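Just below is one structure, and these are the notes that go with it.
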Amino acid sequence: MLIEVRRLRVVLGDKIILRDINLRFEGPGLYFILGPNGSGKSTLLRAIAQLIEYEGLVLIEGRDAREFDRIELVRKLGYVWQNPFYGFFEATVEREIAFILKNIGEPVEKMWELVSFFSAEDLLNRSPFTLSGGEAKRVCLLSVLVADQPMLLLDEPETELDLDGLNKLIHYLKKSFSSKLIIVATPNTLLAYKLRRHIKKIFLISEGRIVASGGSELLENQELLRNVGIIPVGWWYEPS
Ligand SMILES: Nc1ncnc2c1ncn2[C@@H]1O[C@H](COP(=O)(O)OP(=O)(O)OP(=O)(O)O)[C@@H](O)[C@H]1O
Ligand SMILES: [Mg+2]
C-alpha cells in the first residue's frame with residue numbers, strides 16, 4: 001500500500017491553496033494530518049481522491065492516480081467528506097449506504113455488519129438530509145467504509161460524534177490500521193492523542209505547506225502546535 005504526493009500544487013480562484021507538497025504514506029498504518037482551519041487539509045485529501053484539479057503528481061501503488069478509472073479508484077481508496085451532507089444524494093439512508101457496494105459490483109448484504117456496528121439500523125428508512133449532525137457523520141462514514149477499501153482518507157471523522165460514536169470510530173480504526181493505510185485530517189489533536197500509541201506518522205500543515213512531521217511525540221510539542229494554530233490537548237485543561 002503506497003500513496004505518494006509529488007510537487008502537489010492547487011490553485012483555486014486566485015489563491016494558492018497547496019504549495020509544493022511532497023508526501024509519502026507507505027504500508028498499512030495510521031497517519032494524521034493536523035493543521036488549522038483553511039490550511040489545506042481537505043483540499044489535500046480531495047486532490048489525493050481525484051475530486052479536484054491539481055498540478056503535480058499523486059501516485060497510488062506507484063501509478064499515476066489520474067490513470068485510474070473511477071470504479072477502480074473507489075475500490076482502492078475511500079474518501080469520507082468533512083461535511084457529511086455534501087456527499088448525500090439518495091432518498092434513504094439504506095440506499096445511501098448500499099450505493100457504493102452496488103457501484104463496485106459487491107453484494108449489498110456486506111453492509112449489515114458495519115450498519116449494526118455503528119448502531120444505524122433505526123436510521124435506514126430516513127432521508128439522509130433529515131439526520132442530526134452526529135447521525136449524519138455515522139451514515140457518511142458507513143456509506144464509504146462498507147466497501148472495505150485498503151486505503152482510507154478520513155476528513156475530520158471525529159467531529160459531531162458523541163461518546164458512543166467516538167468509541168466506535170476508535171474501535172474501527174484500531175482494528176483496521178494494521179491492514180489498511182488510513183489518513184485522518186483534523187485541526188484538533190484529541191483523536192490523535194487518544195490514538196497516539198498507534199500512529200505511524202503525523203504531518204503538520206500550515207498555509208498550504210507541510211511545516212513539520214514526526215511520530216506521536218509531536219503531540220507533546222505544545223509550542224510548535226500553538227505556533228501552527230493547532231489545539232494541543234493541554235489547552236482544554238487550562239482555565240479560561
Ligand atoms: N473553490 C474555492 N475557491 C477559493 N478558495 C477556496 C475554494 N475552496 C477552498 N478554498 C480555500 O482554500 C483554503 C483551504 O481550504 P481547506 O478546506 O482545504 O482547509 P482545511 O484545512 O480543510 O480547513 P478546515 O479545518 O476549516 O476544514 C481555505 O482558505 C478555503 O477558503
Ligand atoms: Mg477541512
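The values are calculated or read from the model by the stated rules, or taken from the named source; none is laboratory data. In this text the structure is predicted, and so the values were computed from the model without any measurement. Glycine gets a Cβ as well: all are built from the backbone with ideal geometry, and neighbour counts include every protein chain shown. In case anyone asks, the SASA skips ligands and DNA or RNA and just uses the protein heavy atoms, side chains included. Shrake-Rupley method; radii C 1.70, N 1.55, O 1.52, S 1.80 Å.
Key figures
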quantity	calculated
Cα lying deepest toward the dipole's positive end in region 2-237, options Ile210, Gln82, Leu142, charges on Cβ	Ile210
Within a Gaussian network of the chain (alpha carbon springs, distance under 10 Å), most fluctuating of Ser213, Ser132, Ser179	Ser132
DSSP-loop chymotrypsin sites (Phe, Trp or Tyr not before Pro) across region 200-240, with at most 12 other Cβ within 10 angstrom	none
By average C-beta atoms within 10 angstrom, highest first, the peptides 1-12, 72-83	72-83, 1-12
Student exercise, the chain dipole from Lys, Arg, Asp, Glu Cβ charges, in Debye to nearest 20	580
Exposure ranking of Ser216, Ser176 by accessible area [1.4 Å probe, largest first]	Ser216, Ser176
Of every Cα-Cα pair in the chain, the percent that sits beyond 34 Å	13
Per-residue SASA entry for Arg66, accessible area with 1.4 Å probe, Å² rounded to 10	120
Accessible surface of Phe89 - all protein chains present, 1.4 Å probe, nearest 10 Å²	110
Paramagnetic reach from Trp235 (point 7 Å along Cα→Cβ, amide N under 13 Å) across region 160-200	186-191
For region 93-156 and region 60-75, distance of Cα centres in Å	22
Gaussian network model of the chain, Cα within-10 Å springs - most flexible of Lys137, Lys200, Lys175	Lys175
Translational diffusion coefficient (Stokes-Einstein; Kirkwood radius from C-alpha pairs) of region 57-132 at 37 °C, 0.692 mPa s, in µm²/s	233
Residues with amide H under 5 Å from that of Ala212, placed H, sequence gap 5 or more	Leu204
Placed amide H near Arg126: partners under 5 Å, 5+ positions off or other chain	Val93, Glu94
Charge tally in the Cβ shell below 13 Å around Val11, where Lys, Arg are +1 and Asp, Glu are -1, Val11 excluded	-1
Heavy-atom accessible area ranking, 1.4 Å probe, most first, across Phe68, Phe32	Phe68, Phe32
Solvent-accessible ranking of Asp155, Asp20, largest area first, probe 1.4 Å	Asp20, Asp155
Whole-number percent relative contact order across the chain, with pairs defined as alpha carbons under 8 Å at least 6 apart	28
The chain: antiparallel DSSP beta bridges as a percent of all, rounded to 5	50
Max mean-square fluctuation residue, GNM over the chain, Cα-Cα springs under 10 Å, options Leu153, Leu163, Leu45	Leu163
Solvent accessible area, Å² - His171, 1.4 Å probe, full protein context	100
Region 26-63: GluC sites (Glu not before Pro) in DSSP coil with no more than 14 other Cβ atoms inside 10 Å	Glu53, Glu61
Note, ³J(HN,Hα) from phi for region 66-76, Karplus 6.51, -1.76, 1.60, rounded to Hz, x at Gly and Pro	5, 7, 6, 7, 3, 5, 4, 5, 4, 5, 8
Hz values of 3J(HN,Hα) by residue in region 145-152 - Karplus curve (6.51, -1.76, 1.60), Gly and Pro given as x	5, 4, 7, 6, 5, x, 10, 10
Table column - 3J(HN,Hα) (Hz), region 168-184, Karplus curve with 6.51, -1.76, 1.60, x for Gly and Pro	5, 4, 5, 4, 4, 5, 5, 7, 9, 5, 7, 10, 10, 9, 10, 10, 10
